[in-house]
């Protein structure tokens with residue numbers, strides 16, 4: 001592999017790791033192998049620490065392709081807990097409200113999911129990296145400041161209900177760049193006349209790159225050792 005000329009590496013991001021931490025580890029492994037102090041390494045699309053799955057990491061001159069990968073269609077498998085909300089819309093924060101779910105049937109969920117297919121407007125989570133006046137939204141949220149986040153237009157190509165075990169439901173989502181699955185969970189909860197938050201998330205595809213072909217860090221170490 002020629003990491004300076006540029007390589008495209010596709011990893012399965014481990015649970016609890018930040019995207020930056022994975023990039024940092026991969027860069028350190030390569031620099032140690034090449035005996036260099038610096039190397040350009042970047043990723044094409046952030047995953048939250050509580051999410052796993054496909055993360056494209058580019059090295060050297062291949063970092064010029066990052067934007068190209070960011071605009072490719074993404075696929076996720078998401079598990080939602082219906083009937084409860086959290087401020088971050090996932091497990092990063094504790095449940096703040098609970099709601100009734102007795103009125104929700106499988107058919108109800110399927111009808112609601114269908115409403116989200118196509119071009120939609122979505123307000124990103126307050127606990128997100130969206131920039132507002134030069135600061136990240138999560139910085140305001142963690143300091144208790146309230147800010148207005150503007151809705152963004154995005155496209156949901158497909159939503160499929162793959163498991164219905166109320167209070168949990170699992171869905172497959174195919175979507176465009178900029179989609180927050182946590183915000184989608186929030187909006188699905190509202191549409192169900194209840195509440196919901198994300199309890200598990202795996203990105204299974206970016207463009208043609210799929211989860212079944214991803215590297216682990218152990219895999220990558222073996223590749224480096226064999227070079």
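The values are calculated or read from the model by the stated rules, or taken from the named source; none is laboratory data. Because the structure is a prediction, the values reported are computed rather than measured. Cβ: placed from backbone, ideal geometry, glycine included. Neighbour counts: every protein chain shown.
Among 119, 128, 176, which is the only one that is closer than 24 Å to residue 194 by Cα and at pLDDT 90 or above? Only one candidate passes the filter, namely 119.
Give the residue, chosen from 9, 22, 39, that is at pLDDT 95 or above, within 17 Å of residue 227 (Cβ to Cβ) and surrounded by 13 or more Cβ atoms within 10 Å (Cβ to Cβ). It would help to see each step written out before you state the result.
Details: 22 fails: within 17 Å of residue 227 (Cβ to Cβ); 39 fails: at pLDDT 95 or above.
Unique residue meeting the criteria: 9.
In contact with a helix residue (DSSP H, G or I) (Cβ under 7 Å, 6 or more places away or on another chain), more than 15 Å from residue 72 (Cα to Cα) and either in the same structural domain as residue 95 (by TED's automatic domain parsing) or modelled with pLDDT of 95 or more (or both): does that describe residue 184?
On the way: in contact with a helix residue (DSSP H, G or I) (Cβ under 7 Å, 6 or more places away or on another chain): no; more than 15 Å from residue 72 (Cα to Cα): yes; either in the same structural domain as residue 95 (by TED's automatic domain parsing) or modelled with pLDDT of 95 or more (or both): yes.
It is false that residue 184 is in contact with a helix residue (DSSP H, G or I) (Cβ under 7 Å, 6 or more places away or on another chain), more than 15 Å from residue 72 (Cα to Cα) and either in the same structural domain as residue 95 (by TED's automatic domain parsing) or modelled with pLDDT of 95 or more (or both).
Take the conditions (1) within 22 Å of residue 205 (Cβ to Cβ); (2) under 20 Å from the mean Cα position of the chain (by Cα); (3) not in a loop (DSSP other than H, G, I, E, B); residue 62 misses just one of them, which is (2).
Among the residues of the range 56-75, are any touching a residue at least 60 places away in the same chain (Cβ under 8 Å), under 27 Å from residue 2 (Cβ atoms) and touching a helix residue (DSSP H, G or I) at 6+ places or on another chain (Cβ under 6 Å)? Full working, then the answer.
Within the range 56-75, the subset touching a residue at least 60 places away in the same chain (Cβ under 8 Å) is 56, 69-75.
With the extra rule that they be under 27 Å from residue 2 (Cβ atoms), the set shrinks to 56, 69-72.
Checking the rest, the ones that are also touching a helix residue (DSSP H, G or I) at 6+ places or on another chain (Cβ under 6 Å) come to 56.
Within the range 56-75, one or more residues are touching a residue at least 60 places away in the same chain (Cβ under 8 Å), under 27 Å from residue 2 (Cβ atoms) and touching a helix residue (DSSP H, G or I) at 6+ places or on another chain (Cβ under 6 Å).
Would you please name the residue that is surrounded by the fewest Cβ atoms within 10 Å (Cβ to Cβ), looking only at residues in the range 49-58 that are within 17 Å of residue 24 (Cβ to Cβ) and under 16 Å from the mean Cα position of the chain (by Cα)?
From the range 49-58, those within 17 Å of residue 24 (Cβ to Cβ) are 49, 55-58; that's our starting set.
From what is left, the residues that are under 16 Å from the mean Cα position of the chain (by Cα) are 49, 55-57.
Details: 49: 16, 55: 27, 56: 23, 57: 27.
Here the residue is 49.
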